[in-house]
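A quick write-up on the structure given underneath.
The values are calculated or read from the model by the stated rules, or taken from the named source; none is laboratory data. A quick note: this is a predicted structure, and the numbers were derived from the prediction, not measured. Because the Cβ atoms are built from the backbone with ideal geometry, glycine has one as well, and the counts that use them run over all protein chains shown. Heavy atoms of the whole protein, side chains included, go into the accessibility calculation; ligands, DNA and RNA do not. Shrake-Rupley method; radii C 1.70, N 1.55, O 1.52, S 1.80 Å.
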Amino acid sequence: MKPLAPRARLKIFFGFASGVGKTHAMLESARRLRAEGADVVAGWVETHGRPETAALLEGLETLPRRAVAGGAALAGELDLERALARRPRVLLVDDVAHVNAPGLRHARRWQDVLDLLDAGIEVHTTLNVQQIESLNDVVAQITGFRPRETVPDAVLDRADEIELCDLAPEELLERLREGKVRVPPEAAPAGTGPPHVFQRGSLLALRELALRRTADRVDADVLEYRRAHAIETTWPASERILVCVGPSPASSRLVRAARRMAAGLRAPWVAAYVQAAGAAAPGPGDQQRLDAHLRLAESLGGEAVRLAGPRVGRTLLEYARRHNVTRIVIGKPTHSRLRDVLRGSVLDEVVRGSGDIDVHVISGDEGPAADAPGPAARVRAAWGGYAWAAGLVTAATAVSALARPLLSAEDTVMLYLLGIMVVAARFGRGPSVAAAALSVGAYDFFFVPPYYTFNVANARHLLTFAMMFGVGLVISALTLRVRRQEHEARLREERTATLYALSRDLGVAVDEGAVAEVVARHAWDVFAAGAAVLLPDGAAAPRVAARRGDLVLEAPELDAARWVLEHGRPAGRGTETLPEARVACHPLLAGGEARGVLALAPGAGRAAPADARHFLDAFARQATLALERARLAEDAKAAALRARTEQMRSSLLSAVSHDLRTPLAAITGAATALRDDAAHVSAGDRADLLETICEEAERLERLVGNLLDMTRLDSGVQPKREWVPLEEIVGTALERLDRRLEGRAVTADLAADLPLVPVDPVLLELVFVNLLENAAKYTPPASPIEVRARRDGGAAVLVEVADRGPGLPAGAEEKVFEKFYRGPHVGVAGVGLGLPICRGVVEAHGGTIAGTSRSGGGALFRITLPIVGRAPAMLEDAGAEAHTGAGPA
């Protein structure tokens, strides 16, 4: 995993109009940085024909502009790819709000700037206050024209440093008269009509906007300081507004009122919704209206937040104090005073607890919205519950009347309360209140003297009625609360069960492909949409690791996925980056780096949860952790392989460097003696020196041959099989080692009924050569060597090579077949490749080889070679004639 790159800085030279000196200030700053040794490059700087600006640009490296088709061909555009390839420390990009020409990667230059920042390049750029998106309508009111080139407020918020470039309006107008200011045609000054940008009044208003927007940045720094030092009291250094919204249609008016108040005060504002603990979650219609109100707040430049707490008023005040809010906007209550008495008043709690925070109470829209059902509609929607309430009260009355002689008055009351509990548990608050009222009326009418009237003879019955109705209300409220808590617990359980199932299935996924398959399957099931997981694949397009459902992934979708992998931000459908894609691509982020992409497309089926974005974030985090774990496991395997390779390399260098130098030293020494002392070397010494040269050359040849043979086997060589007699291979091997085995007793005991074997004779010969050479190397000169072969059933041949040497080290029966392993025998040369070559050749033929120590001393190597297929009849007859039996060699 590559280390995290430091966060690239963004510096904005901020002004209230063209001509205040933003580009000039940016170039002066760049020249100071260059004088300090910084790598500064001008990516796109517009001089507008000003000689003083062009003079500042001289001496700075400037990137060639990218030629584009159309009207911008003469001016050119920022070459984003060239800038990313050049990768300077600081890049100058003038006019961040510029609209790019068609055909480039992004439609706006501020998106290019974000790409540069993601690549770790510090960017210095320029911006006018009228180009901020949230101030677009305010600028239109002031100047009479609406700027076409704008940037989102998030770009300004992303800036690490904002340098205000200020100039007196009179001085700017003087520069305009001297022709030193470029004026957009739509903003040209006019003698009459609505005010335009370059009139004194407009410039004063724009200057105020710029100063206030810069002050907002200072205010953000103040908030950060308050959080760091846990300061709870309000510092009214600047205004900040909080508006309370909910599902009520009146909330839209509250949002607009807060927006107007914030615009007048030039203050930031927040729209907050509080979900009280234990309260019922908004229904589908209420949830849609609530989401619309929060979206309206965001579209008007505010911030939308969702809060949760035990009480609405207390939660709002805690948030207000934590964020230095100076004004709270809340709606007038439209419900009855009785509701405030029974459930508490949010308005009263906010007003009494506000302290030094101002509270503005405003009315909402008159009348409910068309999509908000009124009380009558809600009663009609719940007619079944009210019918059940009336039916249960009637049943309780009938039972009490029939059992009047057996039931006391208290028993009758309890029977009615039982009916109220049933209605509350099944149908909620409204029907349960109706059941309580009907129960009191029925009890009074049928069971309280005088009977069959609503008159009460004894006043103590009034207390019974009140207690009966009150207990019914309490029971209904408690039952309703339990039902709500049950519903919330069930939703939490479903969400937890979903994440648990995802974690469980991810826990058994061993690689990235398995993880991607699990994530795609669960995403398709949970979000009711076609889903795919894409993983990075080098410089090429992301590869589709898993896919579920009806999901189309073509060039636009793959481009969106690649962009998400590069920048770690969502793209595709529903976003401002590559919106033409038919899927929404979400990054799977780990440590600030995208490990993969989850692509979702809307599909038919179950609707996604109301808080789908938050749930999607939790889902993506689980998937990212699993991908990271799989990648770390692969990295660990690769690291272990590198460690083994390094160990093997060290062993090879250690063994080969000594074993190659020894024969080379002997050859060099003998040859040097023959060359330098030829006149004084006797005939016998000459012969000995020549013999040494030949023996050491043969030894060197064997070492190099073993290394080459091992390399061939490691590369996956395939044997070229031929049907040959086994005794021919054994005989050839003995001939090659004739000098090496000279004076030794070698016995070849090959059964007379041995069949032809389908082997590569050249490779199998290496096996016998290495086994026999190994036996000769590790056994005394008088020790015998035996070679035996016989049938092993009808489909294999068993070959044994045995000696009477020291045998195999204890516990090393398998290690002797490892590369570069050498037994603890002093004075024995070799690199430890002979037996690994034997195993590689035998296993390439589908056979097995094993080594053991013999009783009485010595080593025994047993080879099993399978006979696959049947030899041609002509070859079988020739092989039978060639058999000569067994005997000593």
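With the Cα gyration tensor of region 137-179 giving a ≥ b ≥ c as the square roots of its eigenvalues, does the rule (a/c under 1.5 for rounded; else a/b larger than b/c for prolate; else oblate) give rounded, prolate or oblate?
Values: a/c = 2.70, a/b = 1.34, b/c = 2.01.
Oblate, because a/c is 1.5 or more while a/b does not exceed b/c.
So with the 1.4 Å probe, I'd like the accessible area per residue for region 382-476, rounded to whole Å². Let's see the in-between values first.
Details: 5120 Å² over 95 residues.
Using a 1.4 Å probe on heavy atoms only, each residue of region 382-476 averages 54 Å².
Using a cut-off of 14 Å between beta-carbons, work out the net charge of the residues near Leu750 (Lys and Arg +1, Asp and Glu -1, Leu750 not included).
My count for the surroundings of Leu750 gives -4.
Using a 1.4 angstrom probe on the protein heavy atoms only, could you order His680, His586, His124 from most to least accessible area?
His680, His586, His124
Sort 319-331, 168-180 by packing, meaning the average of other beta carbons within 10 Å per residue, with the highest value first.
319-331, 168-180
If each Cα of region 1-143 is one equal point scatterer, what is log10 of I(q)/I(0) from the Debye formula at q = 0.08 Å⁻¹?
Results for region 1-143 at q = 0.08 Å⁻¹ read -0.23.
Less than 11 Å Cβ to Cβ from Val533, Lys/Arg counted +1 and Asp/Glu -1: what total charge do the surrounding residues give?
It works out to a net charge of +3.
Select from Gly530, Ala555, Leu478 the residue farthest towards the positive end of the dipole of region 461-560; place +1 on Cβ of Lys and Arg, -1 on Cβ of Asp and Glu, and compute about the Cα centre.
Farthest along the dipole direction, towards plus: Leu478.
Can you list the lysines whose alpha carbon sits under 20 Å from that of Lys11, skipping same-chain ones fewer than 8 residues off?
In chain and number order, the partners are Lys22.
Just to make sure I understand: if all protein chains stay in place, what is the order of Met421, Met26 by accessible area at 1.4 Å, largest first?
Final ranking, largest accessible area leading: Met421, Met26.
Can you spot the aspartates and glutamates whose alpha carbon is less than 20 Å from Lys180's alpha carbon? Ignore those fewer than 8 places along the same chain.
The qualifying aspartates and glutamates are Glu28, Glu46, Glu52, Glu58, Asp94, Asp95, Asp166, Glu170, Glu171.
Where does the charge balance sit around Asp153 when Lys and Arg score +1, Asp and Glu -1, over other residues with C-beta under 11 Å from its C-beta?
Result for the neighbourhood of Asp153: -3.
Take peptides 269-276, 350-357, 631-638 and line them up by average Cβ neighbours within 10 Å, highest first, as a rough protection proxy.
Highest mean packing first, the order is 269-276, 350-357, 631-638.
Quickly rank 57-67, 844-854 as a protection proxy: mean count of other C-beta atoms within 10 Å, highest first.
Descending packing order for the listed peptides: 844-854, 57-67.
Report the accessible area of Glu410, computed with a 1.4 Å probe over the heavy atoms of all protein chains in place, in Å² rounded to the nearest 10.
120 Å²
Kirkwood Rh over alpha-carbon pairs of region 97-172, then Stokes-Einstein at 37 °C and 0.692 mPa s: what D in µm² s⁻¹, rounded to an integer?
For these conditions, the coefficient is 234 µm²/s.
Under 1.5 on a/c is rounded, so check that first for region 487-577, then, if it is not, pick prolate when a/b is larger than b/c and oblate when it is not; a ≥ b ≥ c are the square roots of the alpha carbon gyration tensor eigenvalues.
Cα axes put region 487-577 in the prolate bin.
Would you mind classifying region 12-96 by shape? Square roots of the alpha carbon gyration tensor eigenvalues, ordered a ≥ b ≥ c; an a/c under 1.5 is rounded, otherwise it is prolate if a/b is larger than b/c and oblate if not.
Because a/c hits 1.5 or more and a/b fails to exceed b/c, region 12-96 counts as oblate.
Between region 88-128 and region 723-774, how far is it from one alpha carbon centroid to the other, in angstrom?
Result: 75 Å between the Cα centres.
Using only Cα atoms, locate the centre of region 483-532 and the centre of region 398-441, then give the distance between them in Å, rounded to an integer.
Between the Cα centre of region 483-532 and that of region 398-441, the gap is 45 Å.
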